[in-house]
Each structure stands twice: as structure tokens, then as C-alpha cells.
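Some notes on the structure that comes next.
The values are calculated or read from the model by the stated rules, or taken from the named source; none is laboratory data. Given the structure is predicted, the values throughout are model-derived calculations rather than measurements. Cβ placement follows ideal geometry from the backbone for every residue including glycine, while neighbour counts extend to all protein chains displayed.
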Amino acid sequence: MATAERAVYAAQPSHPGSRHYGGIWSWVFTVDHKKIGILYGVTAFVFFMMGGLEALLVRSQLAVPNNTVVTGDAYNELFTMHATTMVFLALMPMSVAFFNIVVPLQIGARDVAFPRLNAFSYWVFLCGGLLINSSFIFGGAPDAGWFGYANLTELPYNHVTHGIDFWILGLQVLGVASMAGAFNFLVTIVNMRAPGMSFMRMPLFTWMTLVTSILLMLAFPVITVALIELMFDRFVGTNFFNPTAGADPILWQHFFWLFGHPEVYILILPAMGIVSDVLPTFSRKPLFGYPVVAYSGVAIGFMAWGVWAHHMFSTGLGPVADSVFSITTMLIAVPTGIKIFNWIGTMVGGSLRFSTPMLFAIGFIAMFVIGGLSGVMLASPPADWVENDTYFVVAHIHYVLFGGTMFGLFAGIYYWFPKVTGRMLDEKFGKIHFWLTMIGMNVTFFVQHMVGLDGMPRRIYTYPSGMGWDLPNLISTIGAFILAASVLVFLYNFASSVRWGTIAGNDPWDGRTLEWTIPSPPPEYNFKKIPIVHARDPFWEQKYPSAGGGHAIPAIAGAAHDAEESGEEEHIHIPDPSIYPFFAAVGFALTMAGLLVSSAPLTAGITTGIMIAPGASLPSWLSVVGLLTMLWGIYGWAFEPVSGY
Amino acid sequence: MVLRVRSPKILSPAIIIALATTAVSLTGCAATDPMNALQPLGEVARMEVNLFNLIFAIAVVVFVFVEGLLIYAVVRYRQRPNDGMPHQTHGHTTLEIIWTVIPAAILIALAVPTVTTIASATAIPTGPDVINVKVVGHQWWWEFDYPGLGVVTSDELHIPTGARVELDVESADVIHSFWVPQLGGKVQAIPNQHNHSWIEADQAGTYHGQCYQLCGSSHANMRFIVVAQSKADFDKWVQDQKSVPAKPTDPEALKGYQIFTTNACVGCHTIEGTPAQAKIGPNLTHIGSHLTLAGATLQNNPNDLALWLHDPPGVKPGSIMPNLHLTNDQIQALSAYLESLK
């Protein structure tokens, strides 16, 4: 880490009655949102690279017809893990990294509402990711797709390995992490904004965090219910999704997509928030139509619940349901389009600086327009019947998730890296990274629109020659390797800039929002004095009062109290690190993992093949250990002396 | 306002990408590709592709407009040395209304043909001229039954040209998806559920279809063909399919018959006129007349048949038909027998 950072993150001087830990332990037991954010970000990026490797194997297999790089079963595991990893272990946690690092700084707070819960979320996420990926060593990874349709996931059709069981339990663990985080950010944003910061004065990224948190809270229970039901089917012998017992496997699809569609908005809204903050900074103009952009995000959050069955147009829903969901899906394109026009409106009339964050933000708009348009093409059932379950959909999802979310996240990384580390990422390598990504993305995924319309199905491990699919697949594979190269460039930039990057200072970008008012990296307490906010883009208003920039909107009564109190000498209170969130998290994960271990007595040890003991009357020893650890962790957490300094 | 373009550095790579992407994408769809969905050769596919083309055309217009705006903004407003503080515009209500109403109007306009096409496509044809076929998806082959005509076959769906064919689609195990890209009819095959779809082929020919929903290890190998033929040829085919083959006289084929009827084969397959009446695997009564084998992944010729009989899971991972460790002699005899079942 940079020297400047080391100085700040070094062990704080101990105060009587306070705790501190040195070295690696300061990371394990931290409750500081900035450190937790870094943990999230680094872990998520490691998982991103794993997902990328899985993708490279998938693309290598598909490079030529009748290929034999991997077997069909291995291929099914690879694309299942690629998607599961990218969605749950890379894109979502990377967004959470930004929620963590940036939101408290943007609202003028010293930390999140529940710092220990924050730490707990991270460790649960890490354990969940490890649990799902451990399936590779314990018999085989899940292989029924990231969407795990019943009844392919039921025991009669999926019992050779326990991949599905790892998937079920892993996702439930991850769900807890997501929901805990969502509660935290929701409460933080509602309650801890600096005096004068009404909702309409919040940075757009914070707004999108708010909407995403609500979506997370409401969507995860849906998938949790579905997973519990599937778990009971597989572990205990119930028949929630078993057609032989009279159940309807379509029920799973409804559950999954009722979760799944809000989930994709959970994936895109944070990136849209980042772009909405980056564009104004690099255009030197406020976000065009701020209230409309904020409200359209809220509208998308609402409408996300009404479109799920557009993933099911081929299941025989009937013409009425098909028509209704088609219309709701088309309507959700309206708020999305509004955002795009407002972003362009931000740039028009501005003074555009094409630093790397801006390049990625502009790239986001360009790529998301394509992804959004292919989405509209999917919204009409008769057209969808031509495109569904073909590579056309694969192209669509990657344009919105890679060209959209990932580009937005890269913009955020380049934008906020200086704030976190105190150093700048190298601009030259940044531009190389951007252009390689741009080229790689389009070479990989644009042809997939074509080959999908040429009839190529999804999720096939090979294809015959003579279909006309050979050349597009080869091109797509080449593009995937270009993307791999782009990631290497980024890694090099990241590693070298952390050590040797140019010192950034407080405000390297001439920013508009509060995070740029404090040192880089921020001191542990963030703000020496909690700022009083008078306008949207409060820092810009401070720097350029004559520009008419900061929009002074009257704060609504009750927006943030104690405006007068902030004038006094502040007693800064920082919570102490705590060991209990870590142990509670690990204990919880072990409890869940233990359900996968045979209920053989302790003396038998772990068998080399993890066995399920459905209907076991004794809980497995691993679960017992996990449960005890978790209970101890929670007890300690609850009764930990309130301290801090 | 004059558009000043002075070849900004940002634009040249963008142009290269745009050209490269276009060039690369033109490799996508040859008109002769057998599963090219944009080459509709039947009523259902045509109505779907017509709507697709309409939406695509509008999407292209929107794409050019929006990306054009973006490029304009990037070129026109890039920072120049003498730039002062740009005017801190906060928004423009009229513009907001315009770019809310116009997209909404376009979408509502698209909703109308959408709903009418849904109605047409889901109006399952009935009546005496309609051919009714029961489609059952199995891991990893397609069963086609013609209840009105007394025909049971697999992986090769014969239909008369110009006739509307009603499909009652179901699954025997997990969820599959039935689709013939050039004829239409995409619908999921779900256990315990009867999904209805229909297709029609304008011209005689062989059309390719496949399973489009992940269904396990050999999802990629679950293909089928549709043979559209004149009514006369179709009627003849039906008659041939209903006929019961006689016990073979050719010595090699007879040997194959004996191997077949005294081994595990009878546990899964049906061949009418023999003791083999099981319904787990495909009905092989007229397998000799098929164009393809093994879920349309192999050609129906002695080589490919031998390949299959030698090691079914080797051809189709996860195949429920096991490797029976047949000798070459046995394979040869079986091959002669099966090929005789025309």
C-alpha cells in the first residue's frame, strides 16, 4: 500500500478501553466502511477473474465446431459457474464495494449505520463465494445453469454430483450477506445524511444505492424461498417442483424470475449511479435533469417487479399474459431511455475532459444503448420467439452487464481510486485498458447477435459444422482473449499505481460532491467536522459560487437535524474494531456448509466424497461447530461493551 | 452552430471499432444457413420475422440517432484550451417531456402489432385439414406421435407442405424447448403440461430443429429434422410408417434380428412385429428410412450407425443407452437388420 495510506491505516493509538489490532488482523476485525469496501473490491475482482477464466474456457470450447477442450458435463459446470460467479461474486460485490467506500463520504457521514453488520456482510459474502467454489473440489460444480430450472435440478435428474446442493446453500449464504448490506445502506442513507442534505441534494450514486438497497431487500427473500423449497426437495424428499408428484416445475421459473428481474436492475442501477456522478465532473456541468434521473431510477425500481415473465414467453403462458408482460417490459424502457438522454444532455454544452473514468462512462452509454435496444427487441413475444434461448440473448445480457455494469464499475474504479489510495491510476495505461476493453467487448459479443439469429442455441457445449456458426464463434473467441489482455493491462496499472502512482491530493478531478473535500486517503473519521450542506453538488457550490452551479434547493423540514449543533466543536466517535462479526459470519457459513457433510459421527472424519444425508436425524458435526461459533459470535456482538474513541 | 471536427484523437479508434464490428458482423448470417431464423419458410416463422424486422428497423433508427447524438456531444464539446466555465444548465422541462413521450409513443406503436401477432401465432389451428402431432421431449431425443394417423416415430417429423401442423408438446422428464427456426413454433416441453404450438412449411425440404432449453449433459445433441413433402409423398410415408416389417430373410439381417430380440435392446425399444415393445427409447420400427440417427447428430449410414452402436455415451455424453460392449460382428449384423427396417 502507498505510504500515505499506510500512515492512515496504521494502528490507531490506543485509548483506554478501546481495542485495536495490528497488521492483517486490523483487516479481519475492521468495522471501518473504507476498509470493508476495499476488502469487497479486491475479493470481487479476484472472483471476476475466476469468472473470466471460466468464460475463456467456454469460448475456447466453442471456438471451432465439435471441439474437445472440455467435456459436455464440464462445459455445463463452466457456464453455470461463470454466470453465478459474475452475477453474485463479482458484479454485485463490486457495487457494494462502492456503496461502502463512497456513500458515507458522499453524504457526509463518518461510517455506515451498522459498522459491525457491515463487516459481517463482507465475511458472509467471502464464505459464500468460497462455499460455492469449493464444489469444484468436492465432486463437481453446479451444472444446471445460474438460473437452475426445475426439474433438471431435482434429484432424479441431478444426483451424480452435489454441485446443485453447493449452489443452493452458497446462494442462501450470499443472500444473507446481500440483505444485511441492503439494510445497512438503506438506514445509513435515510438517517445519516449531513445537515442540509435533503434527498434531492444527494449525489446520484447515493440515490441509486438507495433504490438498489430496497430492491435487494425485497428480491432476495423471493429467491431464498425458492432455494429453501428446492433444498427441501433434494434433502428431505418434499415435492415442491417434482412433476411426478403433481407439482409444476414452472413455479420455479416464476420464483426465480420474480427475483431475477429485480436482480438485473440491482446489477445496473449502481453503475448508472456512478456514470451519473462521473459525467458531470468531467463535463464541468451539473447532471442534466437531476430530479428526472433520480425519479426514473425509482420508477425502474418499481416497474422491475412487473416484468419478470418476459423471461418465460416460451413457456406457454398464454396470449393474455404474454401481451401484458410485453407491454410492461416495453414501458420500462422509457425511464431507461430518459436517463440516456439526460446523460447526453449533461455532456452537451459542457467542457469534456476524456480522462479514463469519462471514457468508461461514455463507453457505458454507447454499449448500454445497444443492450437496451436488443432488450426492446426481446420485449415483444413474437420477436422473442425468434431470439429466446439463442445467442441473441447472450449478446443482449453481455452488452448490458459488461458494456453496462462493468464499464460503469471501471469508471468508478478509475474515478475513486485516488480517493481510496491517495494515488492516481496511470492515464496512459487507463486509455489502453479502455480501448482494449471496448474493442474486445464488441468483437466478442456483437457477432453473437448474428449467430443467435442464425439459430445457434445457448448452453450447448458444441455445434456441428455446416450451420454457418463456425466463423462467428471463432471471432467471438478471439474477442474473449482480447478482453483477457485488457484485464491484464488493468491489473498492471492497478498494482503499479498503488505503489508508484502520482499523488492525488484531495480533489484530483475538480469534483462536485463531498467526498472530494477530504484528504486522499480519508482519515479514519472521514470528516473533521460534519459539513453543512446548502445545495446539490455542495463542493462545486463552495468552489465556484459565481458559476451558478450548486443548485441551492431549500432543504425540506426534517432533512437533517442539528444544523446549529454542527457549528460546535465536534467530539468524533469512531467505533472500535470487533472480532464478533467475523466469527458470526464464519459460523453461519459453516452451519450451512455442514448440511453438505454426512451425518457420520465425529470419529469417521470427513469422507472424501461429501455425502448428503437426507432426512438425517442427527445434524452433521460441521453444522454443530458452525452453529456454536455463530451463536457465540452473535452473543459477543450483542453484549460487547460499547466502546470506541 | 458549426460543427467543428478536427479529427480528435478519440474519434479515430471509434471509427475503427465501428467499421470492424460491422465487417465482422456481416459474417453472421448466410442465407443458406440451415437454421437461419431470419429466413422464414413457413407461416408462423414469417409472422414472427415480420414483427422482428419492424422492431429491428426502429431499433436501427434509434441507434443511429442516439449514438449519433453521443458522438456529436463528444466531438463538439470536448475541452479546448480557452474554455471557460460552461453554463451550468440544470435541465429543460420541455426536452424531458419530449424524450419521455416520443419513446413511449414508439413503444405503444410497437405494442399493437405485438399483441395482434401474439393472437395470430397462439391461435392453434383446428379442423380436418390440420395434422395433429404429439411431441414428447426426452433426454435427449424427440418423440413424434400422430395420434390421428397411428404413427409413432422419433427425431424426424414429416409434414405435408402447405398444411398447418398442430403440435401438442410435452416432456417425459425435464424441461426442453422445441423449435424449428425456419418454420417457427418455439415452445417449452414441460412435464405434465400440454403446450400447444403450430408450424407450417411453404416448400418441400428438410428443416433443422433443436432443443433450446438446457436439459442436461447432451442438450447440445438433442436435434431433429422436419421433412416437408407433397401430400402424396406424405400419405405414402404414413402408410409406410404404419406397416409392420416382416421378419428379415437376409442372413446377416436375420442374425441382427436375433441379437436385437434376445438382448437388452428389447428393454427400451419398440419394433412392431417383434417382442420388442418397450417405450423408454425411440421407436425403431422404421429406423432404416430415417435420414439421421441419435437425435439427428449422426447421418443414417453404416459408418455412423456403427459408431453409435459401438459406444452410445461416447457419442452422446450421458446417453441413457449404455455401452453394451458389442463386438464388431454383432454391430455389423445389427446394422444390417436396422437398416432393413425401412
*Looking only at segment A:424-448, which residues are of a type in the set (Val, Ile, Thr), buried (at least 21 other Cβ atoms within 10 Å of the Cβ) and within 27 Å of residue A:499 (Cβ to Cβ)?*
A:437
*Please verify whether segment B:133-151 includes one or more residues that are charged (D, E, K, R), touching a Pro at 6+ places or on another chain (Cβ under 7 Å), crowded, with 16+ Cβ neighbours inside 10 Å and within 19 Å of residue B:202 (Cα to Cα).*
no
_So in segment A:448-458, with the set limited to residues that are touching a residue at least 40 places away in the same chain (Cβ under 8 Å) and assigned to a helix (DSSP H, G or I), which one is nearest to residue B:45 (Cα to Cα)?_
A:453
*If we scan segment B:74-94, do we find a residue that is crowded, with 16+ Cβ neighbours inside 10 Å, at the interface with chain A (Cβ under 7 Å from one of its Cβ atoms), β-branched (Val, Ile, Thr) and within 24 Å of residue A:383 (Cβ to Cβ)?*
no
*Quick one: which of A:499, A:423 is in contact (Cβ under 8 Å) with a residue 60 or more places away in the chain, in contact with a strand residue (DSSP E or B) (Cβ under 7 Å, 6 or more places away or on another chain) and more than 23 Å from residue A:145 (Cα to Cα)?*
A:423
*Given the residues B:187, B:266, which is the only one that is under 29 Å from residue A:243 (Cβ atoms), surrounded by fewer than 21 Cβ atoms within 10 Å (Cβ to Cβ) and touching a residue at least 12 places away in the same chain (Cβ under 8 Å)?*
B:266
*What strands (runs of 3 or more DSSP E), lying completely within segment B:193-291, carry at least 1 residues that are of a type in the set (A, V, I, L, M) and closer than 22 Å to residue B:160 by Cβ?*
B:195-200, B:223-229
*Could you name every one of the helices (runs of 4 or more DSSP H) located completely within segment A:318-431 that has at least 3 residues being more than 30 Å from residue B:214 (Cβ to Cβ)?*
A:319-347, A:356-379, A:407-421
_Positions within segment B:169-182 being more than 7 Å from chain A (Cβ to nearest Cβ) and either outside any loop (DSSP other than H, G, I, E, B) or farther than 17 Å from residue B:134 by Cα (or both), in sequence order_ = B:169, B:170, B:171, B:176, B:178, B:179, B:180, B:182
*From (1) facing chain B (nearest Cβ under 10 Å); (2) polar (S, T, N, Q); (3) not in a helix (DSSP H, G or I), pick out the condition that doesn't hold for residue A:442.*
(3)
*Here are some residues: B:165, B:136. Which one is within 28 Å of residue B:315 (Cα to Cα), in a strand (DSSP E or B) and in the same structural domain as residue B:220 (by TED's automatic domain parsing)?*
B:136
*asked:* Criterion first (buried (at least 21 other Cβ atoms within 10 Å of the Cβ) and at pLDDT 95 or above) does residue A:227 satisfy it?
replied: yes
_Single match in A:357, A:381 (criterion: at pLDDT 95 or above and facing chain B (nearest Cβ under 7 Å))_ = A:381
*asked:* If I go through segment A:230-239 residue by residue, how many of them are surrounded by fewer than 17 Cβ atoms within 10 Å (Cβ to Cβ) and of a type in the set (A, V, I, L, M)?
replied: 1
_facing another protein chain (nearest Cβ under 7 Å) and touching a residue at least 40 places away in the same chain (Cβ under 8 Å): which single residue out of A:326, A:296 fits that description?_
A:326
_Please go through segment B:118-140 and give me each residue that is more than 21 Å from residue B:209 (Cβ to Cβ) and facing chain A (nearest Cβ under 7 Å), ordered by number._
B:118, B:119
*Taking residue A:136 as the residue in question, decide whether it is within 27 Å of residue A:184 (Cα to Cα) and of a type in the set (Phe, Trp, Tyr).*
no
*Considering only residues of segment A:56-77 that are charged (D, E, K, R) and touching a Ser or Thr at 6+ places or on another chain (Cβ under 7 Å), which is modelled with the highest pLDDT?*
A:59
